[in-house]
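The values are calculated or read from the model by the stated rules, or taken from the named source; none is laboratory data. Everything numeric here is computed off the predicted structure, so don't read it as measured data. Every residue, glycine among them, receives a Cβ derived from its backbone with ideal geometry; neighbour counts consider all protein chains shown. Protein only, heavy atoms only, side chains kept; ligands, DNA and RNA dropped before computing areas. Shrake-Rupley method; radii C 1.70, N 1.55, O 1.52, S 1.80 Å.
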Amino acid sequence: MASVIEATFETVRLADLQTMRADARDELPFGVVGLDASGTTKVYNETEARMAGLDAKTVLGCDFFNVIAQCMNNFMVAQRFEDEPELDAIIPFVLTLRMRPTPVRLRLMASRSAPLRFILIDR
């Protein structure tokens, strides 16, 4: 597994995110959200909590697309996880819920063989 220092928004691998310790994910300079197949939030790193202003205790266990990030519940993000079981794509996006419109890059990552899907958020 690549060290945290080597892991960047563009280079971190899905396999690494699956096995990375929570404290290592918290050190990453970008947001990390891990979802199970039903869209329930299972991973929410400290960087994303700080940037979004949402405490992990509030987010973990919630339906991410219907409760936490409704602005991502669309064909560009949520639907891609349904349509593309093998996914690793970086897209430009504008976060709009609970904040001033904020341009970001999202990296959507999923695999049939992986238990969690990930959304990385680069502000």
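Tell me which residues, restricted to the stretch 2-27, are within 17 Å of Arg117 (Cβ to Cβ) and touching a residue at least 24 places away in the same chain (Cβ under 8 Å).
If we filter the stretch 2-27 for residues that are within 17 Å of Arg117 (Cβ to Cβ), which is where we start, we get 9, 12-20, 25.
Listed by number, the residues that qualify are Phe9, Val12, Leu14, Ala15, Leu17, Gln18.
Scanning the stretch 13-52 for residues that are part of a loop (DSSP other than H, G, I, E, B) and open to solvent by 30 Å² or more (accessible area, probe 1.4 Å), which turns out nearest to Pro92 (Cα to Cα)?
To start, the set of residues in the stretch 13-52 that are part of a loop (DSSP other than H, G, I, E, B) comprises 13, 20-21, 28-30, 36-39, 45.
Next, only the ones that are open to solvent by 30 Å² or more (accessible area, probe 1.4 Å) stay: 13, 21, 29, 36-38.
Working: Arg13: 19, Arg21: 28, Pro29: 18, Asp36: 23, Ala37: 23, Ser38: 24 Å.
Step by step, filter the stretch 13-52, then rank; the result is Pro29.
Just to be sure I understand the filter: pairs with C-beta atoms under 6 Å, separated by 6 or more residues or on different chains, first member in the stretch 84-106 and modelled with pLDDT of 95 or more, second member of a type in the set (S, T, N, Q). Which pairs pass?
Partner pairs satisfying both residue conditions: Glu86/Ser111.
I'm trying to understand the selection: among the residues of the stretch 98-115, which are among the aliphatic types (A, V, I, L, M) and surrounded by 13 or more Cβ atoms within 10 Å (Cβ to Cβ)? Give the derivation first.
Taking the stretch 98-115 and keeping what is among the aliphatic types (A, V, I, L, M), we get 99, 104, 106, 108-110, 114.
The answer is Val104, Leu106, Leu108, Met109, Ala110, Ala114.
What number goes with the only condition from (1) within 14 Å of the chain's Cα centre (by Cα); (2) surrounded by 18 or more Cβ atoms within 10 Å (Cβ to Cβ) that Glu10 does not pass?
Against the list (1) within 14 Å of the chain's Cα centre (by Cα); (2) surrounded by 18 or more Cβ atoms within 10 Å (Cβ to Cβ), Glu10 comes up short only on (2).
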